[in-house]
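Coordinate-derived values only; no laboratory data. Worth saying up front: this structure is predicted, and the values here are computed from it rather than measured. Every residue, glycine as well, gets a Cβ built from its backbone with ideal geometry; the counts of neighbours run over all protein chains shown.
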Amino acid sequence: MGFRFGTILCVTPFLVLAISVDDAYLMINSWQRIRKEKRELDSISATIHGKIPSPSEDDETLQSILAGVFIDTAPSITITTLTNVLAFGVGALTPTPEIQLFSIGNAVAIIVDYIYQWTVYGSFMAIYGRIELSANGKILKKENIEKDEIQIENKSRTKIVKGCNNKALTNPFISSLIMALLAVYFYISLYGILNTKAELQPTKLFLKTSDVLEVR
């Protein structure tokens, strides 16, 4: 786009990554919630009618789930993106060259991330969603054949896991180790809060030829 590179733009990848991870979490959370509802309905249908979803039905289910995810998350992701772009757009109007460069770079990166979210990431969700639905059909088939055995196995496995967790949590050595790690964490956090100094030097904001630096 013809813009020069500034060291302040090194922050942009981390900023955009944080925003994209948040959007991805919203989409995955929506997928899991809708998928859980569909799976419960499929399980009831398989129990009552003995019907397992076919591959063609899986494709229809995938389309409906993905459409539900987009409908569910599109408003919040779009509003967040517009808010961020407008905020950086206001920053782009400032006379300071570095702040202007930072704001324009972030605004462009967020727009690209928004497009990527619906195209590339949405496509990956569709691909892996088809794999998940295919595996779910096999699980339902197995549940109809060996439902009682699976329930007994799950109960025994749950008891073993709970027993191990209870023993580990009540062990004095493990409890002491956890408390020691927690104390170290609090110490490092407190030390950082008390000793970290926030300063914004003019040399980081203005060009080397700027008159502001000479006045300073």
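Listed from fewest to most Cβ neighbours within 10 Å, the set 132, 37 follows the order 37, 132. Among 22, 113, the ranking by other beta carbons within 10 Å of each residue's beta carbon, starting with the fewest, stands as 22, 113. Between residue 191 and residue 100, the simple spin-label model (points 7 angstrom out along Cα→Cβ) gives 4.4 nm.
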